Amino acid sequence: MKLVVVSAGLSVPSSTRLLADRLAAVAAPAATAPEPGPADVRVIELRDLAVEIAHTFTNGFPAPALADAFAEVAAADGLIVVTPVFSASYSGLFKSFFDALSVTDEDALTGKPVLIAATGGTGRHSLVLEHALRPLFAYLKAVIVPTGVYAASEDWGAEGLDARIERAATELAALMSGLSGSARASGPSAGRPLPKRDSFEEVTPFAERLAALSVPGPSPAP
């Protein structure tokens, strides 16, 4: 079982790489359960391939290092893809990698389980998972994990992020091992149980909130 992680972080250290590593740390052992030993994990740092990715569009073919990365992605049983948010979307480096991959092998991601994740400086960009990453990988014919993970700066060390990581990575592992939801819940040999609901899944009672904010009218004259 092979798990490939694609990280588009630019800095060292990188919160994007940190999120990718935490997702892989949960998914790798869960994907092979109940067999001993985790899945093999290969991390592809796009920062190290930036020049090769650019040259692919001008030369028409990938350099050896990039070709190796494409081969790793094509041979993977599952993918974890993580990008920083730029201008309310995925980074250009992230998109260029998958553009170049699809030019080289348009079926590389067909039917492949993919966990989408992103990092950003504010929680206001959390919908980038739904309006940018999910449509991209749907177009590439991947099988996208239902739960995506977005981590804003304030999420690190806060309640909720660990639960989202656990849920998303467990779902990826189930897709990688070909288990259905019912099989996953059938017993301890079926892998990790899904974690408890986190605060992001709770319905906000907007009507009650608005009622509490309403300004009372003037008092009637005596």
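The values are calculated or read from the model by the stated rules, or taken from the named source; none is laboratory data. For clarity, every value in this text was computed on a predicted model and none was experimentally measured. Please note: Cβ atoms are built from the backbone with ideal geometry, for glycine as well, and neighbour counts cover all protein chains shown. All accessible areas refer to the heavy atoms of the entire protein, side chains included, with ligands and DNA or RNA removed. Shrake-Rupley method; radii C 1.70, N 1.55, O 1.52, S 1.80 Å.
Here the extension length gained between Ala212 and His55 equals 50.7 nm, from 0.36 nm per residue of separation less the Cα-Cα distance. Apply the a/c threshold of 1.5 to the C-alpha gyration tensor of segment 1-211 and tell me whether it is rounded, prolate or oblate. Cα axes put segment 1-211 in the oblate bin.
Shape of segment 67-144 from the C-alpha gyration tensor: prolate (a/c of 1.5 or more and a/b above b/c, with a ≥ b ≥ c the square roots of its eigenvalues).
Among Ala31, Ser14, Met1, whose Cα projects farthest towards the positive end of the dipole of segment 1-54, with charges put on the beta-carbon of Lys, Arg (+1) and Asp, Glu (-1)? Projecting each Cα onto the dipole axis, the largest value belongs to Ser14. Ligands, DNA and RNA left out, the accessible area of segment 1-211 computed with a 1.4 Å probe is 57% carbon and sulfur. Summed over the residues of segment 66-162 and divided among them, the accessible surface reaches 41 Å² per residue at a probe radius of 1.4 Å. The magnitude of the dipole of segment 1-211, with charges of +1 and -1 set on the Cβ of Lys/Arg and Asp/Glu and taken from the Cα centre, is near 280 debye. Around the amide H of Ala142, modelled in the peptide plane, lie the amide H atoms of Gly111, all under 5 Å away and 5 or more residues distant in sequence or on another chain.
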